[in-house]
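The values are calculated or read from the model by the stated rules, or taken from the named source; none is laboratory data. Since the model is a prediction, treat every value here as computed from it, not as a measurement. Positions of Cβ are backbone-derived with ideal geometry, glycine not excepted, and every protein chain shown enters the neighbour counts. Heavy atoms of the whole protein, side chains included, go into the accessibility calculation; ligands, DNA and RNA do not. Shrake-Rupley method; radii C 1.70, N 1.55, O 1.52, S 1.80 Å.
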Amino acid sequence: MSDDLILGRKDQHLDVVLSGGGRHALASGFDDWRFVHEALPDLDHAKIDLGADFLARRLQAPLLISAMTGGPARAEAINARLAEAAQHLGIALAVGSQRAAIEGGATGGLDRSLRDRAPDTPILANIGAAQLTRGFGVDQAQRAMDMIGADALVVHLNPLQEACQPEGDRDWWGVGAALQALIRDLDAPVIVKETGAGISAVTAQRLIAMGAAGVDVAGAGGANWGLIEGERATEAVDKAHAAAFAAWGIPSARAIAEARNALPDALIIGSGGVRDGVDVAKAVRLGADVIGMASGVIQAATVSTEAVVAHFQTVIRQLRTVCFCTNAASVAALKRVPLLCVK
């Protein structure tokens, strides 16, 4: 596939997301849960510890910016702003797919300038699982990491998107075996994530058994990449095909809880339809170690670094207030407070 086609597609993806399209008809599931309010907390709101360990670094809050960028003209500015914001806030950053940068050299800001902007930030590189049977392997994975000075590699799973994309990669025969080989041979942590349809407990167990350093369940409730592909499709038959999957996937809250129940000691990243700091807190309580936010922050990233920082400062303040109103002195303590299912 030509670089121009890939980059043009990425711009179309961004246009759909920024216009408010491609949203799941299926809810994330966080609204099905409520914290038990503590009317008499024995805490100083300002001294609550929101820190979390991630990839041998200490985060100031258990947050991961999951990037979603367009073609190189916009991507360079967006990636720069996300990196600067992550550094300022002390949170982690996962970049978007680096396929175009590896195949054609159009980096879109995915180069060493990213690490220069965020020297203390855990940075995650990103390639697609579908490419592992199409010429991508350890060399390309290492290149993806080296070009941005990454701490780990994310391999994203997106079968629904590929099936709905008019030019998608639909032959996934052997992808699992190729992924296992990459995890085995790459001298770096590999985290495997979905892209908005969720990872089941059984698949999460399979991935950890392969040697994955962690899983990002990336459940339903936020961006629906099947619908996004449907919106950018030009043929009515492709649009009709994608529309049937508006409510497809595992809701994020359920995916997090079930993955944690199946894997008590594994690194679990929770993402997909996380709207605010209350959702972040619920994701933590349900079992996520770190919480990813993507489509909710992309609008701010098109404006300025300050807008991204402001967005996450509000999220962090909300998370702190949840801890305060549940008498949780830390994120670790938040994992043990009462949470009620109200569905």
Of the residues SER304, SER330, SER271, SER295, which is in contact with a helix residue (DSSP H, G or I) (Cβ under 9 Å, 6 or more places away or on another chain), at pLDDT 95 or above and crowded, with 18+ Cβ neighbours inside 10 Å? SER271
Within the range 144-169, can you find the residues that are open to solvent by 50 Å² or more (accessible area, probe 1.4 Å) and either within 21 Å of the chain's Cα centre (by Cα) or modelled with pLDDT of 95 or more (or both)? ASP146, PRO159
When you check ARG254 against the structure, is it in contact (Cβ under 8 Å) with a residue 24 or more places away in the chain, open to solvent by 50 Å² or more (accessible area, probe 1.4 Å) and either assigned to a helix (DSSP H, G or I) or in contact with an Asp or Glu (Cβ under 6 Å, 6 or more places away or on another chain) (or both), yes or no? yes
Looking at the range 201-236, which of its residues are open to solvent by 40 Å² or more (accessible area, probe 1.4 Å) and without any contact (Cβ under 8 Å) to a residue 60 or more places away in the chain? THR203, GLN205, ARG206, ILE208, ALA209, GLY211, ALA236
Can you tell me which of (1) open to solvent by 10 Å² or more (accessible area, probe 1.4 Å); (2) under 23 Å from LEU340 (Cα atoms); (3) within 15 Å of the chain's Cα centre (by Cα) is the one ARG317 doesn't meet? (3)
Would you check if there is a residue in the range 90-97 being among the aliphatic types (A, V, I, L, M) and over 25 Å from VAL217 (Cβ atoms)? no
The helices (runs of 4 or more DSSP H) lying entirely within the range 269-330 that contain at least 3 residues which are of a type in the set (A, V, I, L, M, F, W, C) and over 16 Å from GLY219 (Cα atoms) are 295-301, 305-324
Let me confirm something: among ILE78, ILE91, ILE148, which residue is farther than 22 Å from GLY287 by Cα and in contact (Cβ under 8 Å) with a residue 60 or more places away in the chain? ILE78
Tell me which strands (runs of 3 or more DSSP E) are completely within the range 49-119 and hold 1 or more residues being within 22 Å of ALA310 (Cα to Cα), at pLDDT 90 or above and open to solvent by 50 Å² or more (accessible area, probe 1.4 Å), or say none if there are none. 57-59
